[in-house]
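Trainee: So that we are looking at the same thing, I have put the structure below in structure tokens.
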């Protein structure tokens, strides 16, 4: 099977926090994007890269832009998913992972809002932020043929944790999946991010980027 046949750097992304030289990863031919939320305000340290995704999008709220940081090539396995021995592959199964800085937790959202801490609550993300993510998804579709489709269920946090809403894929479904999903959908994982992000809005924006 061929690997790494498309462009490996997202245009405009900073490589100031590049971890591939220390955590090489496996070469892949990506057909899945997994969306995460960081549950924090700033670019994480990711344990020096030991738990980093391929890219992180940090909101610049004043400029209404996302600043992108790339940590691994698009088609090199990153490290933000759990992977149990003897089960299915997760990080290395043709996956490009993206962390969105902010929260999907309504409790954290309320606490941060009451404390005057500006942030993005991704289930209610402003249109500009969804559009910035959608541009990345459109690029992944155009350059790496990742389908602009995904699961129907994007439950709200905290019910999105574990498999309380029946959204998490079986091993067989995961092995067959191609498209865009969340951490909440990946087997062998119990995280609930990105919660009830507006997935249909993201796909609509992404398709508009391709036809606009």
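Trainee: Using just the helices of the chain, give the 222 nm mean residue ellipticity in deg cm²/dmol: DSSP H runs with n ≥ 4 each add -39,500 (n - 2.57), and the total is spread over all residues, rounded to 500. Walk me through the numbers before you get to the answer.
Mentor: Details: 5 runs with 50 residues, N = 212.
Estimated from H runs of four or more residues: -7000 deg cm²/dmol.
Trainee: Grab the alpha carbons of the chain, take their convex hull, and tell me the volume per residue in Å³. Could you put the intermediate results ahead of the total?
Mentor: On the way: hull volume 25.4 nm³, N = 212.
Normalising the Cα hull of the chain by residue number yields 120 Å³.
Trainee: Still on this structure: When the Debye formula is applied to the Cα atoms of region 1-122, each taken as the same point scatterer, what base-10 log of I(q)/I(0) results at q = 0.15, 0.16 Å⁻¹?
Mentor: The Cα Debye sum returns log10 ratios of -0.70, -0.78.
Trainee: I've got another one for you. In a Gaussian network model over the chain where Cα atoms closer than 10 Å are linked, find which of 44, 155, 11 has the largest mean-square fluctuation.
Mentor: Greatest mean-square fluctuation among the candidates belongs to 11.
Trainee: Also, quick follow-up: For the chain, set up a Gaussian network in which alpha carbons nearer than 10 Å are linked by springs, and say which option among 58, 88, 186 fluctuates the most.
Mentor: Comparing 58, 88, 186 in the GNM, the peak value goes to 88.
Trainee: Moving to a separate point now. Looking at region 32-211, send over the antiparallel percent of its DSSP beta bridges, to the nearest 5.
Mentor: Values: 6 of 20 bridges.
About 30 percent, rounded to the nearest 5.
Every read-out reported here was derived from the displayed coordinates using simple, explicitly stated rules and does not represent laboratory data. Keep in mind that what you see is a predicted model, and the values were worked out from it rather than measured.
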